[in-house]
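> Pasting in a structure now, in structure tokens, and then I'll have a few things to ask.
The values are calculated or read from the model by the stated rules, or taken from the named source; none is laboratory data. Treat the numbers as computed from the prediction; the structure is a model and nothing was measured. Counting neighbours? That spans all protein chains shown, and the Cβs are built from the backbone with ideal geometry, glycine included. Accessible surface areas use protein heavy atoms only, side chains included; no ligands, DNA or RNA. Shrake-Rupley method; radii C 1.70, N 1.55, O 1.52, S 1.80 Å.
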Amino acid sequence: QVQLVESGGGLVQAGGSLRLSCVASGRAFRRYTVGWFRQAPGEDREFVATINWSDTSIYYADSVKGRFTIFRDNAKNAVFLQMNSLKPEDTAIYYCAARDATIATHESLYNYWGQGTQVTVSS
């Protein structure tokens, strides 16, 4: 069983930066693929970024490519999402999720989810 806790959300002006953290319980986490997803009000949850356990496979949604960076510190059982050049359309609840397999972009393929952290970008 893996439990995930996100943090780092908040209110930021357009053009600003935030770093989200996803900290997990359980040593097995370091072998898991982790994905970040987001859900804006009235919208479906969408894929943002994913990273495999060894950092050898990373993939981003086109909407965040070049602005967001996903990375992990397995010694701390943590995965991070560095978000730069934020836009109002990045406003959403951000979730991290984990799966014991290779990277994937569809939320149904992830077994474990955090509770989410709110990111609000003002114009």
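> Among all residue pairs at least 6 apart or on different chains, which show Cβ distances below 8 Å where the first residue, located in the stretch 35-47, is hydrophobic (A, V, I, L, M, F, W, C) and the second is loosely packed, with under 14 Cβ neighbours inside 10 Å?
Going by the 8 Å Cβ cut-off, the qualifying pairs are ALA40/GLU89; PHE47/HIS106.
> Would you mind stating whether PHE37 is of a type in the set (Phe, Trp, Tyr), open to solvent by 60 Å² or more (accessible area, probe 1.4 Å) and modelled with pLDDT of 95 or more? Steps first, please.
Working: of a type in the set (Phe, Trp, Tyr): yes; open to solvent by 60 Å² or more (accessible area, probe 1.4 Å): no; modelled with pLDDT of 95 or more: yes.
It is false that PHE37 is of a type in the set (Phe, Trp, Tyr), open to solvent by 60 Å² or more (accessible area, probe 1.4 Å) and modelled with pLDDT of 95 or more.
> In addition: Suppose we keep only residues that are more than 18 Å from ASN77 (Cβ to Cβ) and open to solvent by less than 30 Å² (accessible area, probe 1.4 Å) within the stretch 1-17. Which one would you say is nearest to the chain's Cα centre (by Cα)?
Step by step, filter the stretch 1-17, then rank; the result is GLY10.
> Which one of these is within 15 Å of SER85 (Cα to Cα), basic (Lys, Arg) and open to solvent by 20 Å² or more (accessible area, probe 1.4 Å): ARG31, ARG67?
ARG67
> Now for a different question. Collect the residues in the stretch 78-97 that are open to solvent by 20 Å² or more (accessible area, probe 1.4 Å) and within 16 Å of ALA24 (Cβ to Cβ), keeping them in residue-number order.
Result: PHE80, TYR95.
> What residue, among those in the stretch 98-123 that are of a type in the set (Gly, Ala, Ser) and open to solvent by less than 80 Å² (accessible area, probe 1.4 Å), is nearest to SER17 (Cα to Cα)? Reasoning before the result, please.
Initially, the stretch 98-123 is screened for residues of a type in the set (Gly, Ala, Ser), giving 98, 101, 104, 108, 114, 116, 122-123.
Subset that is open to solvent by less than 80 Å² (accessible area, probe 1.4 Å): 98, 101, 104, 114, 116, 122.
Details: ALA98: 24, ALA101: 30, ALA104: 26, GLY114: 22, GLY116: 18, SER122: 12 Å.
The selected residue is SER122.
> Whether any residue in the stretch 61-82 is at positive phi and modelled with pLDDT of 95 or more is what I want to check.
yes
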